[in-house]
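**Student:** I'd like to ask you about the structure that follows.
The values are calculated or read from the model by the stated rules, or taken from the named source; none is laboratory data. Just so it is clear, the model here is predicted, and its values are computed rather than measured. Counting neighbours? That spans all protein chains shown, and the Cβs are built from the backbone with ideal geometry, glycine included.
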Amino acid sequence: MSAERAGREQRRLVEARDVRREYRLKGDLIEAVRGISLEVSAGDFLAIVGPSGSGKSTLLHLLGAVDSPTSGAIYLDGSDVTVMTDAERARFRLEHVGLVFQRFHLLPMLTALENVELPMAEAGLARKEREQRAKALLTRVGLGERLRHRPGEISGGQRQRVAVARALANRPALLLADEPTGELDQSTSAEMLELFQSLNEDGTAIVVATHDLQLAEGARRQMTLVDGKIRE
Amino acid sequence: MLIFRYSARELLRHPARSLLAVLGVAVACAMLLDMLMLGGGLNASFRSLLTSAGYELRVSPAGTLPFDTGATIGDASGVRLRLESEPGIDAVAPVLGSNLLIENSRGAGPDEGTDRLFVLGVDPAEQGIYRLTSGVDPDENGVVIGRELADTGLAIGDSISLRAPGSFAEAGRRTGSFRVTGVADFLYASSGERSAAVTLPTLAQLTDQPDRASLMMVRITEGENPDSVAAALRLRHPELEIASVGQLVETAARRLSYFRQLAAILGTVSLVVTTLLIGTIMAISINDRYGTIAALRAIGISKRSIVAAFLVESLLLCVLAAAVGLGLGLLVAGQLERILSDFPGLPSAIRFFVFEPDRLAWAAAGVLLAGVGAALVPAIRAMNAPIAATLHREEP
Ligand SMILES: Nc1ncnc2c1ncn2[C@@H]1O[C@H](COP(=O)(O)OP(=O)(O)OP(=O)(O)O)[C@@H](O)[C@H]1O
Ligand SMILES: [Mg+2]
């Protein structure tokens, strides 16, 4: 292992300590995440698995500063995200976290290129640079030929690649994906795993929540959630 | 801006819905423009009509408005002389008005075989009642006819017979034959009304009203304030009603205030319609996109950017609607004007809808503000939805 690689692995991107997330639904208390502590370092590739309703998505949202824990502390890249305001967290996500969803959530009226440019525009990047970087990213995920196509004009697997490119737009150190292969067939899922592995090789830390065992096995390590807790 | 490109294309995604919204708001915008033009148009056009001949004051018998009743001013020539000697007054133009009958070729009874005609007796050297379009002012046996009569085939040089309505017994004394000396526009005629003018003494004799006048129009010295001159005159001539054009316009405006109330109510209705239409369309379109909105916010797009995109969307709808609506409003105003210019008893020169660029700007601004305001509500509501919970609901 090179010295550089070792240095990167020491950098702690995510640190969650005794994190809980409860929901109140019609008077019932739902404990979606019940005291989870975990760390994700630079270069990591973690798969969170577990039965439906075990709290995978909830945990992922907490790790990405999309949601706030009921109690516990979450540090992202050294910053305590639980004390940030809504707007600060949004800015933090924009610059430091990439998110991929099961349902892609691309803007249907924008081209692949424009979809990838969107977070860069929000971050204030100039048009020229935006376009260059978006082209490079789409080429990186294998869509160099589909820049001007809209999501409706490409396949599901290609849409998810566009979504991955969008997640990488502002060069986040951390990529979070919730059920990224949930809407894809097996061979497309396998391609998605290859993409994640190669992005991880290039230094992006990845956390995926998934039912897809093939995807989970391709990760560097796995974690199983049951009833909002990590199963030892 | 990328986010604005998104807004524009989002409207194209539902072309039928967008088109309906644009048309709906365009109609509301047209109505708003017309109501703004109606509300402000009446006063302005009435004032310009009253001052068009350059007479700033009107003198009528005490307690009446010009031509409001049949009352007349006695000793008209004496009153005229006294008024003309007052400071601040340049000229006085007495006018006597009366309905006469003009013989036509049909029928033969006392009042059959005749048409009603409004005849004004004036001093041709000092009058602000008609404007000659051809020919010359009337002498004591002459008459100037309005366009309505000229259109029946009468021409300069023809003779017409005029008489005051009444019994056969008096008819002989009160009939006169006149030669048409000119054709004129009668400034205060209402639509379809037949008008003619003869000299003041001629009409006085014909109608047996020696030395009387219905009204005097007063021209004041340049630089004098009409209201102050009127006030001074009023003190010295309590037997006369003296009003400046400004005061007459105010009186008329009070009488026509229901037009303005109507305009205010309908104008408000069109703004409410705009608000409801845009509010509904934007609420539907935003509700469709809750999942996408949550995802965009999750990846770090700020509330402000997303709200801005929605506002641009509604602004685009409103701009298109205003462009269509203002054109439509002008067309409709023209049509309504044609209908209302036949309003009985009002000079047809009165414009109900007066076009002024600022009315156009106000109508456009009203629609844009209402539209953007309406979009703000669903947009802000969407921003208050929790991101994680919305994503949770959206995933299968
Ligand atoms: N916004 C919410 N309000 C109420 N309850 C919620 C909310 N989000 C999640 N839950 C509940 O929390 C628990 C964990 O849900 P979560 O979506 O994290 O599970 P999951 O492991 O991602 O499930 P799946 O594999 O089906 O995606 C479930 O019981 C769920 O119903
Ligand atoms: Mg889930």
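**Student:** Would you mind stating whether B:Ser314 is of a type in the set (S, T, N, Q), away from chain A (no Cβ under 13 Å) and not in a loop (DSSP other than H, G, I, E, B)?
**Tutor:** yes
**Student:** Collect the residues in region B:291-332 that are of a type in the set (A, V, I, L, M, F, W, C), surrounded by fewer than 19 Cβ atoms within 10 Å (Cβ to Cβ) and touching a Ser or Thr at 6+ places or on another chain (Cβ under 8 Å), keeping them in residue-number order.
**Tutor:** B:Leu316
**Student:** Only residues that are more than 7 Å from chain B (Cβ to nearest Cβ) and at positive phi: list them for region A:83-119, please.
**Tutor:** The answer is A:Phe104, and nothing else.
**Student:** Turning to a different aspect of this structure: Please list, ordered by first then second residue, the pairs with beta carbon atoms under 9 Å, 6 or more apart or interchain, first in region A:191-210 and within 14 Å of chain B (Cβ to nearest Cβ), second away from ligand 2 (no atom under 16 Å from the Cβ).
**Tutor:** Listed by first residue and then by second, the contacts come to A:Thr210/A:Ala219.
**Student:** Further question: Going by what's in this entry, would B:Leu83 be described as buried (at least 21 other Cβ atoms within 10 Å of the Cβ), farther than 24 Å from B:Ile145 by Cα and over 28 Å from the mean Cα position of the chain (by Cα)?
**Tutor:** In short, yes.
**Student:** Take region A:134-155 and flag every residue that is within 14 Å of chain B (Cβ to nearest Cβ) and closer than 19 Å to A:Ser189 by Cα.
**Tutor:** The answer is A:Pro151, and nothing else.
**Student:** Do we find a residue being within 16 Å of ligand 1 (Cβ to nearest atom), in the same structural domain as B:Met35 (by TED's automatic domain parsing), farther than 30 Å from B:Phe67 by Cβ and part of a helix (DSSP H, G or I) anywhere in region B:367-386?
**Tutor:** no
**Student:** Next question, about the same structure. In this structure, is B:Val95 out of contact with any helix residue (DSSP H, G or I) (no Cβ under 6 Å at 6 or more places or on another chain) and touching a residue at least 60 places away in the same chain (Cβ under 8 Å)?
**Tutor:** Taking the combined requirement at face value, the residue satisfies it.
**Student:** May I pose another question? Can you tell me which residue among A:Glu122, A:Glu131 is within 13 Å of chain B (Cβ to nearest Cβ), under 20 Å from the mean Cα position of the chain (by Cα), in contact (Cβ under 8 Å) with a residue 12 or more places away in the chain and more than 29 Å from A:Gly228 (Cβ to Cβ)?
**Tutor:** Being within 13 Å of chain B (Cβ to nearest Cβ), under 20 Å from the mean Cα position of the chain (by Cα), in contact (Cβ under 8 Å) with a residue 12 or more places away in the chain and more than 29 Å from A:Gly228 (Cβ to Cβ) holds for just one of A:Glu122, A:Glu131, which is A:Glu122.
**Student:** Across region A:37-72, which residue is surrounded by the most Cβ atoms within 10 Å (Cβ to Cβ) among those that are assigned to a loop (DSSP other than H, G, I, E, B) and away from ligand 2 (no atom under 16 Å from the Cβ)?
**Tutor:** A:Ala65
**Student:** Ok, one more. Can you name the condition, by its number, that A:Val162 falls short on among (1) within 11 Å of chain B (Cβ to nearest Cβ); (2) closer than 26 Å to A:Val208 by Cα; (3) not aromatic (Phe, Trp, Tyr)?
**Tutor:** So A:Val162 meets the others, but not (1).
**Student:** Every residue in region B:244-264 that is assigned to a helix (DSSP H, G or I) and either buried (at least 20 other Cβ atoms within 10 Å of the Cβ) or modelled with pLDDT of 95 or more (or both), please.
**Tutor:** B:Val245, B:Val249, B:Ala263
**Student:** Only one of these conditions is not met by A:Asp80: (1) surrounded by fewer than 22 Cβ atoms within 10 Å (Cβ to Cβ); (2) facing another protein chain (nearest Cβ under 8 Å); (3) more than 14 Å from ligand 1 (Cβ to nearest atom). Which number is it?
**Tutor:** Only one criterion in (1) surrounded by fewer than 22 Cβ atoms within 10 Å (Cβ to Cβ); (2) facing another protein chain (nearest Cβ under 8 Å); (3) more than 14 Å from ligand 1 (Cβ to nearest atom) is unmet by A:Asp80, namely (2).
**Student:** In this structure, is A:Leu118 aliphatic (A, V, I, L, M), part of a loop (DSSP other than H, G, I, E, B) and surrounded by 16 or more Cβ atoms within 10 Å (Cβ to Cβ)?
**Tutor:** no
**Student:** Among the listed residues A:Arg146, A:Arg159, A:Arg133, A:Arg171, identify the single one that is in a loop (DSSP other than H, G, I, E, B) and within 27 Å of B:Lys303 (Cα to Cα).
**Tutor:** Going through A:Arg146, A:Arg159, A:Arg133, A:Arg171 in turn, just one is in a loop (DSSP other than H, G, I, E, B) and within 27 Å of B:Lys303 (Cα to Cα): A:Arg171.
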